[in-house]
Amino acid sequence: MTIATEDLQRLFALIARDIAARRDHLCELDGAIGDGDHGLAMDAGCEAAAKAVAALDRAQTAPTAVFNAAAKAFLNTVGASSGPLYATAFMRAGAAVKDKSELSDDDFLRAFAALAQGIQERGKAEPGEKTMVDAWKPAADAALAAWASGTPLSQSLDMAEQAARQGCEATKDMTAAKGRSSRLGERVIGHIDPGAASAAIIIASIAKFVEQHDSCRIDM
């Protein structure tokens, strides 16, 4: 059993629901070191991406087009820095599975890794700079290492989720090297980076999606 366009439509809907549920918390985190609107931006962007993806004809749309539609919708909706970052991430994921009509587990993992790489390269950030990269990079590294050792996709993404949560929590002890919060110096210490927090939510959603997808395989 593979991951088809209709499955990706469910994935984006799940991400949108999970981000919406944590919108206010993300705004609270951002209020401590930023403008306080990160939750609103991520909620709007993820909802727009989910709606754009849901409108696609699943019978006529390849996975690459799903990611590209999500990228365009997110960018058109979110003018803040997270807009270009996630648009690039989704486009990279689409490029990683180009010409695929359905995704194997290996294809899906490559798309996941491409998400992280796209965010890091577009943001020109490294781990330790108190950004969403502190969640995305460890998550991708953990998933790829687990997959290379023969771990099933679901468990590989569970490890990614754990790494993302740990990376997010670690931002509490960092100063910021990027964005508005970088102007605050040591005053940001003690506060979790909101971008890393939203990244951890998205990564957890992806892990949950794969777990649910795998349970359907077993049931069948």
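Read-outs throughout are calculated quantities, based only on the coordinates presented, and are distinct from any laboratory measurement. Just so you know, these numbers come straight off a predicted model, no measurement behind them. FYI the Cβ positions are ideal-geometry reconstructions off the backbone, even for glycines, and counts take in every protein chain you see.
Counting only trypsin sites (Lys or Arg not before Pro) that DSSP places in a loop and that have at most 11 other Cβ atoms within 10 Å, the longest clean stretch of the chain runs over 1-97. Calculated mean residue ellipticity at 222 nm for the chain: -23500 deg cm²/dmol, from DSSP H runs with n ≥ 4 weighted as -39500 (n - 2.57), summed, divided by the residue count and rounded to 500. Placing R0 at 30 angstrom, the Cβ-Cβ distance between residue 151 and residue 32 gives a FRET efficiency of 0.25 after rounding to 0.05.
Extension gain for the segment residue 124 to residue 98, taken as residue separation times 0.36 nm less the Cα-Cα distance, is 6.9 nm to one decimal. Please label the shape of the range 1-157 as rounded, prolate or oblate, based on the square roots a ≥ b ≥ c of the eigenvalues of the alpha-carbon gyration tensor (a/c under 1.5 means rounded; beyond that, a/b larger than b/c means prolate, else oblate). It comes out oblate by the Cα gyration axes.
A simple spin-label model places the labels of residue 54 and residue 212 1.3 nm from each other, with each point 7 Å out along Cα-to-Cβ.
Under the criterion of Cα pairs below 8 Å and six or more residues apart, the relative contact order for the chain equals 21 percent.
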